[in-house]
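One structure is given here, and the rest of the page talks about it.
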Amino acid sequence: MKMVVGIDTSCYTTSVALLDEEGALVADARKPLAVKAGGKGLAQSEMVFQHTRNLPELFTAAWAQIPGRPEIRAVAASTQPRPLPESYMPAFLVGAGYAKALAVTHQVPFSSLSHQEGHILAGLWSAKGPAAESFLAVHASGGTTEITRVEARAGRMAVEILGGTSDIAAGQLVDRVGVALALPFPAGPHLEQLAATAGEPAEIPPAVERTRISFAGPETHAKRLLARGESPAAAAAGVQACIAESVGRALQAAAELTGIRTVLLVGGVMANQHIRRAVTGKLCRDERVRLYCPLPEYSGDNAVGAAYFAWRAKHLDGQIRI
């Protein structure tokens, strides 16, 4: 069986994925990085250690999912957080090193992309679109919340940042309030479960100016509410509502600014079902909007986007480059 391999070693998850010649997923192996109870994240050195330990295990798990003997035709890995010259993070060196070694030993092409581009490509693969030459993409995750314009013309793609947070990311808001609520880190799924038990959400006012969002103020507000005795479930629900309203407003502003009404939602925060429904409801009041949402499992950190990048490069004669 001929296939391509994708690898992603992010701040949260070690991931390996394989696609066959038709672009179908044949193996998907992931392992979240372990954070000690009460911890608020990991140092880069600890991320590098855990990725180095996890990858052999994940390759074993991925190969066990494949019938017969795989024939690797191309390899890709995320090598930096965002597609900018100054964007750098040691955690990505682990996956990039494995991918390059795999490409050399199998004498196949190696392609590099950013983690952000991997999110966008996983979204395109899962949601089967957008196919438009220009679309808006929201990347909302643990370390990033950005509104971007993606251009796909003449066999090439480019990502332009139109807006996003001026301070902490949506995922950081979730994790910091999660720590105050004594939830495990990262707090996303746990905060979503807690919020589902709330009656009415606590009121946490959004701080949005056109395409710019601030989550530092909402963080302070949420912690003050908790200090005054607010219900943990209501505070969790309020955080979700604030994120959804903030992202929705910024996206509406980006649509007005660019005239683009085709939108893709990606990133771990957008896997939150309440946030996704609320953003979708807000945007779809405009009948001109076409919204694409990947399955939740392809919104968070994964290597499917990297594998899809390798597949596109291989099957389109290497002409697609982000």
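If you check Ser299 against the conditions, is it open to solvent by less than 20 Å² (accessible area, probe 1.4 Å) and either aliphatic (A, V, I, L, M) or out of contact with any Gly (no Cβ under 7 Å at 6 or more places or on another chain) (or both)? Talk me through it step by step, then tell me what you get.
Values: open to solvent by less than 20 Å² (accessible area, probe 1.4 Å): yes; either aliphatic (A, V, I, L, M) or out of contact with any Gly (no Cβ under 7 Å at 6 or more places or on another chain) (or both): no.
Taking the combined requirement at face value, the residue does not satisfy it.
Tell me, please, whether a residue that is crowded, with 18+ Cβ neighbours inside 10 Å, within 19 Å of Ala96 (Cβ to Cβ) and at pLDDT below 95 can be found in region 29-45.
Keep residues of region 29-45 that are crowded, with 18+ Cβ neighbours inside 10 Å, which gives 29-30, 33, 42.
So of that shortlist, the ones also within 19 Å of Ala96 (Cβ to Cβ) come out as 29-30, 33, 42.
Retained after the next criterion (residues that are at pLDDT below 95): 42.
Yes, that holds for at least one residue.
Whether any residue in region 64-78 is over 30 Å from Gln252 (Cα atoms), out of contact with any strand residue (DSSP E or B) (no Cβ under 6 Å at 6 or more places or on another chain) and free of Cβ contacts under 8 Å to residues at least 40 places away in the same chain is what I want to check.
yes
For the structure I just gave you, tell me whether Pro294 is in contact (Cβ under 8 Å) with a residue 40 or more places away in the chain, part of a loop (DSSP other than H, G, I, E, B), within 21 Å of Gly142 (Cβ to Cβ) and open to solvent by less than 40 Å² (accessible area, probe 1.4 Å).
The answer is yes for Pro294.
Cβ-Cβ distance below 7 Å, separation of 6 or more or different chains: which pairs start in region 123-136 with a residue that is on the phi > 0 side of the Ramachandran plot and end on one that is of a type outside the set (D, E, K, R) and surrounded by fewer than 22 Cβ atoms within 10 Å (Cβ to Cβ)?
Gly129/Tyr292
Quick one: Ile204 ticks every box in (1) on the phi < 0 side of the Ramachandran plot; (2) open to solvent by 60 Å² or more (accessible area, probe 1.4 Å) except a single one, so which number is it?
Only one criterion in (1) on the phi < 0 side of the Ramachandran plot; (2) open to solvent by 60 Å² or more (accessible area, probe 1.4 Å) is unmet by Ile204, namely (2).
Kindly indicate whether Arg224 is modelled with pLDDT of 95 or more, surrounded by fewer than 17 Cβ atoms within 10 Å (Cβ to Cβ), basic (Lys, Arg) and not in a loop (DSSP other than H, G, I, E, B).
Judged against the criteria, Arg224 is a match.
Return yes when Ala158 is aliphatic (A, V, I, L, M) and assigned to a helix (DSSP H, G or I) and no when it is not.
no
Tally the residues that are among the polar types (S, T, N, Q) and open to solvent by less than 20 Å² (accessible area, probe 1.4 Å), restricting the search to region 227-244.
1
Going by the structure shown, is Leu265 in contact (Cβ under 8 Å) with a residue 60 or more places away in the chain and in contact with a Cys (Cβ under 7 Å, 6 or more places away or on another chain)?
Numbers: in contact (Cβ under 8 Å) with a residue 60 or more places away in the chain: yes; in contact with a Cys (Cβ under 7 Å, 6 or more places away or on another chain): yes.
Yes, satisfied.
Would you check which residues across region 137-155 are part of a loop (DSSP other than H, G, I, E, B) and either open to solvent by less than 20 Å² (accessible area, probe 1.4 Å) or on the phi > 0 side of the Ramachandran plot (or both) and list them?
Ser141, Gly142, Ala154, Gly155
Hey, can you tell me all the residues within region 245-269 that are in a strand (DSSP E or B) and open to solvent by 10 Å² or more (accessible area, probe 1.4 Å)?
Residue satisfying the conditions is Thr262 alone.
Testing Ala101 on (1) crowded, with 16+ Cβ neighbours inside 10 Å; (2) out of contact with any strand residue (DSSP E or B) (no Cβ under 7 Å at 6 or more places or on another chain), one condition comes back false. Which one is that?
(1)
Could you go through region 253-262 and let me know if any residue there is among the basic types (Lys, Arg) and either touching a Lys or Arg at 6+ places or on another chain (Cβ under 8 Å) or over 28 Å from Glu133 (Cα atoms) (or both).
yes
Going residue by residue through region 214-221, is there one that turns out to be in a helix (DSSP H, G or I) and in contact with a His (Cβ under 7 Å, 6 or more places away or on another chain)? Working first, answer last.
Going through region 214-221, the residues in a helix (DSSP H, G or I) turn out to be 216-221.
Checking the rest, the ones that are also in contact with a His (Cβ under 7 Å, 6 or more places away or on another chain) come to none.
Scanning region 214-221, I find no residue that is in a helix (DSSP H, G or I) and in contact with a His (Cβ under 7 Å, 6 or more places away or on another chain), so the answer is no.
The values are calculated or read from the model by the stated rules, or taken from the named source; none is laboratory data. Keep in mind the model is a prediction, meaning the values are calculated, not measured. Virtual Cβ from ideal backbone geometry, glycine too; neighbours counted across all protein chains shown. For the accessible areas, the whole protein counts, side chains as well, though only heavy atoms, and no ligand, DNA or RNA atoms are used. Shrake-Rupley method; radii C 1.70, N 1.55, O 1.52, S 1.80 Å.
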